[in-house]
Amino acid sequence: VSVPVEPKVFDLLILLIENAGGVVSKDALVAAIWDGRAVSDSAVTARIAAARKAVGDNGKTQFIIRTVARRGLEWVAEVETVDTGDKPGHQTPHAKSKETLKIRYARNGRGRAIAYALTGSGPRLVLARPPMMTDLEELWQHNASRALLDALGQHHEVLSFDHVGCGQSDRETDSFDLWDYAEDLNCLMDAVGWREAMVMSISGGAHPALRLAARYPERVSRMVIVGGYEKGRALRRAEPDPIRGLFEEAHNSTQTGLAEAMMLAYWPEGPIEALREKARIVKSVASPENAVRMRDTINSVSNADILGRVLCPTLVVHARHDGVHPLSQAQALASGMPDAELVVLDTANHWPLPGNAVWDGYLSTVLEFLQRQSQ
């Protein structure tokens, strides 16, 4: 039986198996799994517990992974080494593969070209990123941006795409209506021959995803919403949006400094290199005019009237200290849908990035929820 595990749990299992019969110290474990970065005892303990669970062990029996007091961990189950002719070593889900991204195109009902790609293998999953922050080719080339796609692709066939108006899709658009974006999702599923699929949406990508699930409930079997919100900022607060001004200036500037400052508002915990990567991408994916128009659209969005029509099991994931879209917005989403559950991550980042303390737990939570589809 295939058991999905988060990348660091997988790496921990490999490390212990490769050192079967010997004791792996905590320092050696942190050096190998976390690249020597500072990590809390609770994070290490959680990965060990998950590794034991994945192989049918637990902290009481310890018949596969044994804790050696004051020394470390030991793999005590029998290990058979089989020569497959492959070179030694393994590739973690975070490592870039040599796979080439194949971008394809579909036409929406308005005749615009939508760029999309299929990666990974397994149960079908649509990944809806935020409008005006997607470029399939750019995201594929950058480690921090690609990490989620690689992790999902270990367990799912993933349909990712660029919204019309940005990225590799048609940059000219006559509509920023979110219902039209939902119809684009419907069109893409037709193009790849998917009658139904699971959908994972991130931040502003939740708005088309929710509309797809409300209008075509038979097409969405399960949904994950990360960093989503019931109402846009303009409907929640009367004062001007300071991020909008920064957003507009960043897109019109030839430098990346303002874009990096905007990224810090969303991801104050970093890591900083991931923010610089996102700043470079966000400046190139769309024209300044398109970017600002979409910003205004999602600032004024309301999902309140459609939540009751979203019938599929839904997981809402949100940061406890999100300074852009507060936790109360995620609570409103979850409470408005008939079959939704809420998971709160202890971070201030709008959504998790690789290298952030909650990244591994985030992946584990999402993959476990999606796996229920096949059970």
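The values are calculated or read from the model by the stated rules, or taken from the named source; none is laboratory data. As the structure is a prediction and not an experimental result, all values here were calculated from the model. As a convention, Cβ positions derive from the backbone with ideal geometry for all residues, glycine included, and neighbour counts pool all protein chains shown. Protein only, heavy atoms only, side chains kept; ligands, DNA and RNA dropped before computing areas. Shrake-Rupley method; radii C 1.70, N 1.55, O 1.52, S 1.80 Å.
Using a probe radius of 1.4 angstrom, the carbon and sulfur fraction of the accessible surface of the chain is 49%. Charge dipole (Cα centre; +1 on Lys/Arg Cβ, -1 on Asp/Glu Cβ; no other charges) of the chain amounts to roughly 340 debye. For the chain, the solvent-accessible area works out to 45 Å² per residue, with a probe of 1.4 Å and every protein chain left in place.
Here's how it looks for Asp322: its modeled amide H is under 5 Å from those of Leu327, which are all 5 or more places away or on a different chain. Beyond 32 Å in Cα-Cα separation lie the following of the pairs Lys8/Lys231; Lys53/Lys283; Lys102/Lys283; Lys231/Lys283; Lys102/Lys231; Lys26/Lys283: Lys8/Lys231; Lys53/Lys283; Lys102/Lys231; Lys26/Lys283.
Which of the listed residues, Ile114, His142, Pro130, is farthest toward the dipole's positive end in segment 97-148, when Lys, Arg count +1 and Asp, Glu count -1 at the beta-carbon? Most positive-ward Cα: Ile114. A helix-only calculation puts the chain at -12000 deg cm²/dmol for mean residue ellipticity at 222 nm, using -39500 (n - 2.57) for each DSSP H run of at least four residues, averaged over all residues. Residues Asp11, Asp27, sorted by accessible area with the largest first, give Asp27, Asp11 [1.4 Å probe; ligands and nucleic acids excluded].
Can you check what the net charge comes to around Ile48, using other residues whose Cβ is under 15 Å from the Cβ of Ile48 (Lys, Arg +1; Asp, Glu -1)? Overall, the nearby charge balance is +1.
By the Cα gyration tensor, the chain has an equivalent ellipsoid whose semi-axes, rounded to whole angstrom, run 37, 22, 21 from largest to smallest. In the complete set of protein chains, residue-level accessible area for Leu118 is approximately 50 Å², probe 1.4 angstrom.
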